[in-house]
Amino acid sequence: MKGKIIKGIAGFYYVHTVESGIYACKAKGIFRNRNIKPLVGDTVEIEILHEKDKEGSLIEIYPRKNELIRPAVSNIDQAILIFAVTEPDPNFNLLDRMLVVMRFWEIPAVICLNKADLLPQEDLDRMAGIYRDCGAPVIFTSAKKEEGIEKLSKLLQEKTSAVAGPSGAGKSSLINLLQQEIEMETGDVSKKIGRGKHTTRYSMLIHVSKDTYIMDTPGFGSLDLPQFTADDLWKQYHEFLPFEPYCRFRSCSHMNEPDCGIRQAVEKGQIHRQRYETYTSLYQELKEMRKYEGRKL
């Protein structure tokens, strides 16, 4: 029987089948011998061992469309990146990291800015302006007032959508409004540190309707960058691409070189300065990371 892994805990993989519901399965030893670890999101074939107890054995993993390392999930059609507009304040460095990772893995992203009821429209417009040309649509929601939920729901239809973002942004509250199958635990923002309490402890795939799934992933405090070089980072910034041909030097890093097309676009307001600033921060981080790796070798 064919199904999807929706959760993996303590060596058991919970597989959702359209025909018969969810089965608790163990993976056959052949996967361990091949050094293959089943992932949430995998499309699999299972053998039914006990129909009454809903137990089975995982016998085949179908080829993956894509795969992320952190979180360890597969077969994502799109990523919904959920950040609060305030309480806690949005971490633009983390959001840009997520956009870079999704673009590198060729996973379309949607930026969902939640708690929109807490800020005036001019502040929301300013935030939307930062990501106007980043290649990912920006939508505003309010889980508390149930605003923007219909628009978000339409974006999910007939897709497997990974929902990611920092704790306290309201991911669980939004997921509770988007589906009726599972009630997600929600948490408040800590007044002491201004960050959300972690409520999701493991990646989980939630069946919404026929071919629609939501993949909830643990709240991120940081996100590792993929294994590309600092000099390739600019390619992951959608709005940089039209201006790179105007750089004087073919190997321009877009940091300090003269006649840099991207830096000129920043000065002219064609690229938002906030986006460029996170680029420079991530560029330096990648440079240091590769330098450290070189010393270890």
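The values are calculated or read from the model by the stated rules, or taken from the named source; none is laboratory data. Model, not experiment: these values are computed from the prediction. Note: ideal-geometry Cβ built from the backbone for every residue, glycine included; neighbour counts use all protein chains shown. For accessibility, only protein heavy atoms count, side chains too; no ligands or nucleic acids. Shrake-Rupley method; radii C 1.70, N 1.55, O 1.52, S 1.80 Å.
Taking S74 as the residue in question, decide whether it is among the small types (G, A, S) and either out of contact with any Lys or Arg (no Cβ under 7 Å at 6 or more places or on another chain) or modelled with pLDDT under 95 (or both).
Spelling it out, S74 is indeed among the small types (G, A, S) and either out of contact with any Lys or Arg (no Cβ under 7 Å at 6 or more places or on another chain) or modelled with pLDDT under 95 (or both).
Output the residue which, of all residues in the range 261-297 that are of a type in the set (K, R), at pLDDT 95 or above and outside any loop (DSSP other than H, G, I, E, B), is least open to solvent (accessible area, probe 1.4 Å).
Here the answer is R275.
Residue pairs, Cβ under 9 Å, 6 or more apart or interchain, first in the range 79-101 and closer than 14 Å to S281 by Cβ and part of a helix (DSSP H, G or I), second open to solvent by less than 30 Å² (accessible area, probe 1.4 Å) and charged (D, E, K, R). List them.
F92/R275; D96/R275
Looking only at the range 240-260, count how many residues are crowded, with 19+ Cβ neighbours inside 10 Å and closer than 20 Å to D133 by Cα.
Result for the range 240-260: 5.
Determine the pairs where a residue that is over 21 Å from A72 (Cβ atoms), located within the range 36-59, has a partner that is among the polar types (S, T, N, Q) with Cβ atoms under 7 Å apart, the partner being 6 or more residues away or on another chain.
From the range 36-59, the pairs are E47/S57; L49/S57.
Being of a type in the set (D, E, K, R) and either touching a strand residue (DSSP E or B) at 6+ places or on another chain (Cβ under 6 Å) or open to solvent by 10 Å² or more (accessible area, probe 1.4 Å) (or both) is the filter here, so list the residues in the range 75-96 that pass it.
Scanning the range 75-96 gives D77, E87, D89.
Rundown of residues vs (1) of a type outside the set (F, W, Y); (2) closer than 13 Å to R275 by Cβ; (3) in contact with a Pro (Cβ under 7 Å, 6 or more places away or on another chain), yes/no style:
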residue: M98; (1), (2), (3): yes, no, no
residue: W105; (1), (2), (3): no, no, no
residue: P108; (1), (2), (3): yes, no, no
residue: N114; (1), (2), (3): yes, no, no
residue: D117; (1), (2), (3): yes, no, no
residue: I130; (1), (2), (3): yes, yes, no
residue: C134; (1), (2), (3): yes, yes, no
residue: P137; (1), (2), (3): yes, no, no
residue: A143; (1), (2), (3): yes, no, no
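Out of curiosity, is I6 over 30 Å from G165 (Cα atoms) and in contact with a Leu (Cβ under 7 Å, 6 or more places away or on another chain)?
It is false that I6 is over 30 Å from G165 (Cα atoms) and in contact with a Leu (Cβ under 7 Å, 6 or more places away or on another chain).
If you take just the strands (runs of 3 or more DSSP E) that sit entirely in the range 109-211, which of them hold at least 3 residues that are modelled with pLDDT of 90 or more and among the aliphatic types (A, V, I, L, M)? First the steps, then the outcome.
On the way: elements: 109-114, 138-140, 160-164, 204-209.
Because the criterion is at least 3 residues that are modelled with pLDDT of 90 or more and among the aliphatic types (A, V, I, L, M), the strands (runs of 3 or more DSSP E) in the range 109-211 that meet it are 109-114.
Return the residue satisfying two criteria in turn: it lies in the range 9-44 and is among the charged types (D, E, K, R) and more than 18 Å from T160 (Cβ to Cβ), and of such residues it is most open to solvent (accessible area, probe 1.4 Å). Steps first, answer last, please.
Here is the first cut: in the range 9-44, the ones among the charged types (D, E, K, R) are 19, 26, 28, 32, 34, 37, 42.
Those still in the list that are more than 18 Å from T160 (Cβ to Cβ) too: 19, 26, 28, 32, 34, 37.
Working: E19: 132, K26: 99, K28: 90, R32: 178, R34: 145, K37: 132 Å².
Looking at the filtered set, the residue picked out is R32.
Tally time: how many residues in the range 1-42 are over 14 Å from E55 (Cα atoms) and of a type in the set (A, V, I, L, M, F, W, C)?
Selection size over the range 1-42: 9.
List the pairs whose first member sits in the range 15-28 and is under 18 Å from S203 (Cβ atoms), whose second member is open to solvent by 40 Å² or more (accessible area, probe 1.4 Å) and among the acidic types (D, E), and whose Cβ atoms are under 7 Å apart, counting only residues at least 6 apart or on separate chains?
A24/E55
May I ask you to list the residues in the range 236-275 that are without any contact (Cβ under 8 Å) to a residue 60 or more places away in the chain and under 23 Å from the mean Cα position of the chain (by Cα)?
F240, L241
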